[in-house]
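**Student:** Let me begin by handing over the structure; questions about it come next.
Rule-based calculations on the coordinates, nothing more; no lab input. Just so you know, these numbers come straight off a predicted model, no measurement behind them. Please note: Cβ atoms are built from the backbone with ideal geometry, for glycine as well, and neighbour counts cover all protein chains shown.
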Amino acid sequence: MIRALLLSLILLAGICGIAAALEEDSLGEFFTTHIAEDLRDPDINGAVITIVDDGEIVALLGYGTADADGSYLLDPEDTILPIGSVTKLFTWEAALSLAEQGLLDFDSDLNSFLPEPVIPDTYTEPITLTHLMTHTSGLDEVAVGIFTQNPEEILPAFETYTKTQPERIREPGRIASYSNIGALLTGAVIEEVSGTSYKEYIEQEILTPLGMASTAAREPLPDHLASRSPEMILTEGIPAYSRYSPAGGMHTTAHDMGLYMIHVLEAGEDAYPRIFSHDNRLSGIVQGGYFERYHGKKRILWHTGDVPGTSTLLALIPEENLGIYICYTGTGGSAERFILLHTFLDTYLQTEREEQFTYQTESTKDYAGTYISSRAPLAGFEKILLVIGRDQLSIWVRLEGEMIVINDAEYAEVEPGFCIGLNNPDRLVFSEREGEDWLFLDSLPSIGWKRAGWRENPQIQYAFLLFFAGVFLSGAVIGGKRAFETTNSFQKKGYLLITLVSGTAILFMLLFFGTIRIFGILFGLPHWFIVIRCIPALTAILAAYLILHTIQNKQKRKIEEVFIGAIAILFLLWLNSWNLLLPV
């Protein structure tokens, strides 16, 4: 039975104006208190913060250090830090400026602006710059090798793209999937159309006019800026350069980010219309590549950046002519930056407004299940990241009585498919798209989550992986022992084949997953990784010999051969489904 109840919620509610004066002393006291608490976290080393209001920098603050040892103090005016994906905002601003000059059309086939038409016509609709800016190009995720330790490996944007060239896996304009490759392609377009390098165009057309003299769109940093950057101190001595410069290669100071926020806010709110949303009841993506987020009735434009050593957040409220930039050093600032933002807004902006919702105590549909991120790779061996990185690429939705629960977040259904948070400010929509069930979150407009069948379910697939590992480990040990003990030459050959099939299978699992575990994927994998990728082919050959030997076996003791042969076939089919069978 469906019952309707009235629920009063405070949803980061309506902002009616400035609730407290944005004075430097007051802001300093506020942030000092909150950052001091953050610095208790051993994964957070420091932070720099900029507040702009009505065209002025009203607060410029620095706390802590760049490193865990406390040897490099942060100065918000002088310390140059990487901003990660906040770089994308500069990239799309540059592309929009070229469009204003009549040199680009955001709704035309992207191939027409590239040196070569390298994007295949997999689907009828071509990919456009608008699709890139809204992360709806439908290009597969590229996860391996987006950073490098060798600056000589940083190539022009188009050349970098052609070395990667991900497949088109969805029709463009349908589902958002946050993409670094999209910004890289935009950089390639900028270079082709402007006739100059990406870094030079950004510096000449954006940084220099704004007086952002402490900002660089190139890596390594020029000497005069490198002397003001902690560089490898941020990454414990490991060089880290972005291969995708237009997606995440810029470095700047908190002061310069203040200048940039003032510049963006000068355009006014009308300059940033929404151009994509999964559902009109949810936040979307706006002109310029910003994401939306609502604090009550006020619209926030925001973007984050994460690279080794820093986590950044730029947030603007055009209606209030207000902006905040936060950059944490260390590895623990990803969640804290949003907590700090909302604490700041709750403190300095009025948020006392209630909204009443009628919600259903019983859902009209069973939404429970595992949902997979649209960022999960589908082509190449990276597809297996869904299994080994399941905590990052999937979420589990469950029903608890009257509530829909995701992790610790509780939701109530307002109308079929539309839910509001009970203990959180988020909203979500369950929607069917072309026969597939999707989940969209208000807080993540650049990602969709598709309901997984059993073949895609990462928990089930991980169980398969453990099963295969257990069988082959046992097969290698028992087969080897019996091959050593038996005196019958035919049986000995069978046990040796069992040992080799099982041994190569378990060796592949150990080396493949172990290498990814040790080396990670962000900096790419070692050159000899291709040798590991060849092991399944060897397992397949040995399995064929084992099956042939089993067929030729006229003796009674062949249950082990049949069992391992059958499991080997299942294992090889499983590998093939995850693009791991062949090294291509």
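**Student:** Near the amide H of ALA143, under 5 Å away, which other amide H atoms are found, from residues 5 or more places off or on another chain, if H is placed in the peptide plane?
**Tutor:** Under 5 Å from the amide H of ALA143 lies no amide H from a residue far enough along the sequence or on another chain.
**Student:** Can you list the HN-Hα couplings for the stretch 521-527, worked out from phi with the Karplus curve (6.51, -1.76, 1.60; θ = phi - 60°), rounded to whole Hz and with x for Gly and Pro?
**Tutor:** Running phi through 6.51 cos²θ - 1.76 cosθ + 1.60 with θ = phi - 60° gives 10, 4, 9, x, 10, x, 4 Hz.
**Student:** How high is the FRET efficiency between GLU415 and ILE275 when r is their beta carbon distance and R₀ equals 25 Å, given to the nearest 0.05?
**Tutor:** Working: r = 26 Å, r/R0 = 1.02.
It comes to 0.45.
**Student:** Assuming a ≥ b ≥ c are the square roots of the Cα gyration tensor eigenvalues, decide whether the stretch 438-574 counts as rounded (a/c under 1.5), prolate (otherwise, with a/b larger than b/c) or oblate.
**Tutor:** Values: a/c = 3.19, a/b = 2.03, b/c = 1.57.
Prolate, because a/c is 1.5 or more and a/b exceeds b/c.
**Student:** Going through the cross-link list LYS297/LYS365; LYS298/LYS450; LYS492/LYS554; LYS493/LYS558, which pairs have a Cα-Cα distance over 21 Å in this structure? Present the calculation step by step, with values, prior to reporting the outcome.
**Tutor:** Values: LYS297/LYS365 30 Å; LYS298/LYS450 30 Å; LYS492/LYS554 14 Å; LYS493/LYS558 12 Å.
Over 21 Å apart, Cα to Cα: LYS297/LYS365; LYS298/LYS450.
**Student:** Compute log10 of I(q)/I(0) for the chain with the Debye formula, placing one identical point scatterer on every Cα and leaving out solvent, at q = 0.08, 0.09 Å⁻¹, to two decimals.
**Tutor:** The calculated log intensity ratios at q = 0.08, 0.09 Å⁻¹ are -0.64, -0.78.
**Student:** Order these by the 10 Å Cβ neighbour count, fewest first: MET212, MET403, MET250.
**Tutor:** Ascending Cβ contact count within 10 Å gives the list MET403, MET212, MET250.
**Student:** Here is a follow-up. Leaving out same-chain residues fewer than 8 places away, which aspartates and glutamates sit with a Cα under 12 Å from that of LYS199?
**Tutor:** The qualifying aspartates and glutamates are GLU191, GLU219.
**Student:** Points 7 angstrom from Cα along the Cβ direction at PHE513 and GLU171: gap in nanometres?
**Tutor:** Once both label points are built, they end up 3.8 nm from each other.
**Student:** Could I ask something else about it? Straight distance only, please: which aspartates and glutamates reach the Cα of LYS383 with their own Cα at less than 15 Å, same-chain residues fewer than 8 apart left out?
**Tutor:** Here the aspartates and glutamates satisfying the reach criterion relative to LYS383 are ASP140, GLU141, GLU167, ASP391, GLU456.
**Student:** Still on this structure, I have one more. Could you quote the convex hull projected area for the stretch 357-451, Cα atoms only and averaged over all directions, in nm²?
**Tutor:** On the way: hull surface 25.9 nm².
Reported value for the Cα convex hull: 6.5 nm².
**Student:** Give me the aspartates and glutamates in straight-line cross-link reach of LYS88: C-alpha distance below 13 Å, same-chain residues under 8 apart excluded.
**Tutor:** ASP306
**Student:** With r defined as the distance between the Cβ atoms of SER474 and GLU400 and R0 fixed at 45 Å, what FRET efficiency is calculated, to the nearest 0.05? Numbers along the way, then the final one.
**Tutor:** Values: r = 39 Å, r/R0 = 0.87.
Efficiency, rounded to the nearest 0.05: 0.70.
**Student:** Cut-off is 10 Å between beta-carbons; in what order do ASP140, ASP121 appear when sorted fewest neighbours first? Can you show the working numbers first?
**Tutor:** On the way: ASP140 24, ASP121 12.
Ascending Cβ contact count within 10 Å gives the list ASP121, ASP140.
**Student:** While we're here: Whose amide H sits under 5 Å from the amide H of ASP437, counting only residues 5 or more places off or on another chain, with H placed in the peptide plane?
**Tutor:** Amide H neighbours of ASP437, under 5 Å, 5+ apart: ARG451.
**Student:** For LEU103 and GLN459, FRET efficiency with R0 = 56 Å and r from the beta-carbon atoms, rounded to 0.05? Display every interim value, and only then the final one.
**Tutor:** Working: r = 49 Å, r/R0 = 0.88.
That pair, GLN459 with LEU103, gives E of 0.70.
**Student:** Could you please rank LEU465, LEU573, placing first whichever residue has the fewest other Cβ atoms within 10 Å of its Cβ? Each step should come with its number before you reach the end.
**Tutor:** On the way: LEU465 18, LEU573 10.
Ranked by crowding around the Cβ, least crowded first: LEU573, LEU465.
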